[in-house]
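The next block holds one structure in the form of structure tokens; read it before the comments.
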Amino acid sequence: MSDTNGPRALIERIRVWLVVFVVCLVLSGVTAFPLVTELRFLDASLDGWAAPLAEILPGLAEWIDRVRGGVETADEQAPYLLYGTDWLAFAHLVIAVAFYGAYRDPVRNIWVVEFGMIACVGIIPLALISGPVRGIPFWWSVIDMSFGVIGILPLLHVRRMIKRLEAATAAEPVPA
């Protein structure tokens, strides 16, 4: 009979949550590479099969159209500006790699999870400060901030499980 609350089971659950988090982080990052193509597709969708959504949220459709136009202009006239989104994608991938340490040894590398939590919290002031400076609509900044709120939830859960694992393994006697 297996112990569903024992250290081995905790490690398995921690690893599953970390894999889910890393997959989401990687997907979030790699979508920054084909930005022009994605925005063209999204804008066309709001004029096509997603037109009912555009009718319900006309501000969203206008914003996507405006962003698509700006990104296309940047791509045509100053493609080096999009290099910044390449670095954004790269940063997501590098941060995802850091979570391998927590996957391998959660107790010793809990700092990686805490680092991720700090990054999630940091999204909020970034969006609240940079959004208005860059002319981003407030509702879009709220969407950006939701990534931090959503991202911190699994990390909080993982941190709690790591603390339980730490307590459980500290109670085990060390073999002589």
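Coordinate-derived values only; no laboratory data. Predicted model, so just to flag it, every value in this text is computed and none were measured. Neighbour counts run over all protein chains shown; Cβ positions are idealised from the backbone, glycine included.
Some notes on this structure:
- Cα-Cα P(r), the chain, percent of pairs per 5 Å interval: 1, 7, 12, 15, 16, 13, 10, 8, 6, 5, 3, 2, 1, 0, 0
- Spin-label pair E55/I150, simplified geometry with 7 Å Cα→Cβ offset, distance in nm: 2.6
- About its Cα centre, the dipole of the chain is roughly 860 debye, where the only charges are +1 on Lys and Arg Cβ and -1 on Asp and Glu Cβ.
- Selection among G29, P52, V67 by position relative to the dipole of region 7-69 gives G29 as farthest towards the positive end (Cβ unit charges, Cα centre).
- Dipole orientation for region 67-147: of the candidates I143, L128, G116, G116 has the Cα lying most toward the positive pole (charges on Cβ; Lys, Arg +1; Asp, Glu -1).
- The relative contact order of the chain comes to 29 percent, based on Cα pairs under 8 Å that sit 6 or more residues apart.
- Taking Cβ atoms as reference points and 13 Å as the exclusive limit, the residues near I152 contribute a net charge of +1, counting Lys and Arg as +1 and Asp and Glu as -1.
- Shape of region 1-90, Cα gyration tensor, a/c cut at 1.5: oblate
- Computed [θ] at 222 nm, helices only, for the chain once each DSSP H run of length n ≥ 4 contributes -39500 (n - 2.57): -28000 deg cm²/dmol
- Taking 7 Å steps out from each Cα toward its Cβ at E76 and L27 produces label points 3.3 nm apart.
- Per-pair calculated FRET efficiency, R0 = 25 Å: V19 and I136 via Cβ, rounded to 0.05: 0.20
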